[in-house]
1. Name the single residue, out of those in segment 143-187 being surrounded by 21 or more Cβ atoms within 10 Å (Cβ to Cβ) and among the hydroxyl-bearing types (Ser, Thr, Tyr), that is farthest from the chain's Cα centre (by Cα).
2. For segment 275-290: of the residues being in a helix (DSSP H, G or I) and open to solvent by less than 30 Å² (accessible area, probe 1.4 Å), which is farthest from Leu179 (Cα to Cα)?
3. Looking at segment 131-154, I want the residues that are closer than 11 Å to Gln370 by Cβ and among the aliphatic types (A, V, I, L, M) and have a partner that is open to solvent by less than 30 Å² (accessible area, probe 1.4 Å) and in a strand (DSSP E or B) with Cβ atoms under 8 Å, at least 6 apart or on another chain. Which pairs are those?
4. Please enumerate the residues belonging to segment 299-324 that are part of a loop (DSSP other than H, G, I, E, B) and either within 18 Å of the chain's Cα centre (by Cα) or hydroxyl-bearing (Ser, Thr, Tyr) (or both).
5. Please work out if Leu219 is open to solvent by 30 Å² or more (accessible area, probe 1.4 Å), part of a strand (DSSP E or B), modelled with pLDDT under 90 and aliphatic (A, V, I, L, M).
6. Which one is nearest to the chain's Cα centre (by Cα), of the residues in segment 60-84 that are open to solvent by 20 Å² or more (accessible area, probe 1.4 Å) and of a type in the set (A, V, I, L, M)?
7. Conditions: (1) surrounded by 18 or more Cβ atoms within 10 Å (Cβ to Cβ); (2) of a type outside the set (Lys, Arg); (3) at pLDDT 95 or above. His41 meets all but one. Number of the miss?
8. If Arg57 satisfies every condition in (1) assigned to a strand (DSSP E or B); (2) within 18 Å of the chain's Cα centre (by Cα); (3) within 22 Å of Ser325 (Cβ to Cβ) but one, which is the exception?
Amino acid sequence: MVFPDLDPAATSADPDRAVEDYVSSLSTLPMDHSRPLWELHVLDVPTSEAAAAVVLRMHHSLGDGVSLISLLMACTRSAADPARLPALPPPSSGGPPRRSAGFLALAAWVWSLVVLAWNTVVDVARFVATSWFLRDTRTPFMGTEGVEFRRKRFVNCTLSLDDVKFVKNAMKCTVNDVLIGVTSAALSRYYFRKTASSGDTSGDSKKAHKNIRLRSALLVNIRKTPGLHTLAEMMDSGKDNTMKWGNQIGYIVLPFHIAMHDDPLEYIRQGKKTADRKKRSLEAVFTYWSGNLVVKLLGIKAAAALCYGMFTNTTMSFSSLAGPSEKVEFYDHPIVYIATSVYGHPHALTVHFQSYMNIMKLVLAVDDEQFPNSHQLLDDFAESLRLVRQAVSV
């Protein structure tokens, strides 16, 4: 438990910036390996959003994002009924539509298996190539050598989850499809503004975006998420209840569409197309099991080298997590927002979306040197969602 003494002059002048600076400073401080690898920093400083802030820093070896956010939620209780665990969003059906029996249904089923097998082979080949040599195009988002050791700045903004769901329903897609599309739109806005300001207005430069390879490393949970009641009972009883912690995640290399479109909804269409294609593949399952196999046969250093190659040859990290759908309390303290992120990997940009109640928190972890205007990139995300929301209302 850490209770830091922040500079009173800094907290009085700009408390939001003071909290942001303190959280960013943690990215350069190693964790004490003689203690359990978690820290709880209590910042008793009122900001524009909350009366105080709590920073929970945990080593990724303790668990993946899904297990850690589930564990955190199991420590909270519903604000409306403190005796009850919080309500989480219902899982999406997501399954294929039911087909009637008969030859056509059988043929469609066989064809879906063929497509699944082919997509998996292609994705695995691309993943291996990315780990070895297939590198993304050099863009303003690409990190430079040693980026994993430099200070990261964590900036966030609040988006409307209702707006995201409105777009989802209008476009007949998923929340993640919308988030992928909005991210593509925001990155495109930032990219073309940066390249224009650099003074390169040649015809080749204007056409170059068609050949941009910009991909993210996307971590995918491949296990059944334990229920909050199971987690709460485990903590109360002190027993593991046969639950397995740690990281049970696979990797997906997810491409992002960089272009300038007159129709903002084209970003959502492209995002849905990309996501649908990845859903018809077992890339995440293969990378998880193959990673375990490499560890057993060649050792942890070989597995780490492959993982490091995949990160250094891609541009960014991307993820989204679902939080409680109602207001919750953490030991009698109401939680205003939840902002999750990660650092220590060789990316200059990490994009995280975290839902909670009716808000969607966007958190960017950026290389402090490479993105001195990180709040401008945040504004690009907010403006992109606004334009998409406006387009579907027309």
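The values are calculated or read from the model by the stated rules, or taken from the named source; none is laboratory data. This one's a predicted model, so the numbers in the text were calculated from it and none came from an experiment. Using ideal geometry, Cβ is built from the backbone for each residue, glycine included, and neighbour counts are taken over all protein chains shown. Remember, those area values only see protein heavy atoms, side chains included, never the ligands or the DNA or RNA. Shrake-Rupley method; radii C 1.70, N 1.55, O 1.52, S 1.80 Å.
1. Taking the candidates together, the pick is Ser184.
2. Thr287
3. Val147/Asp367
4. Thr314, Thr315, Ala322, Gly323, Pro324
5. Yes; evaluated as a whole, the condition is true for this residue.
6. Across segment 60-84, the extreme among qualifying residues is Val66.
7. (1)
8. Arg57 satisfies every listed condition except (3).
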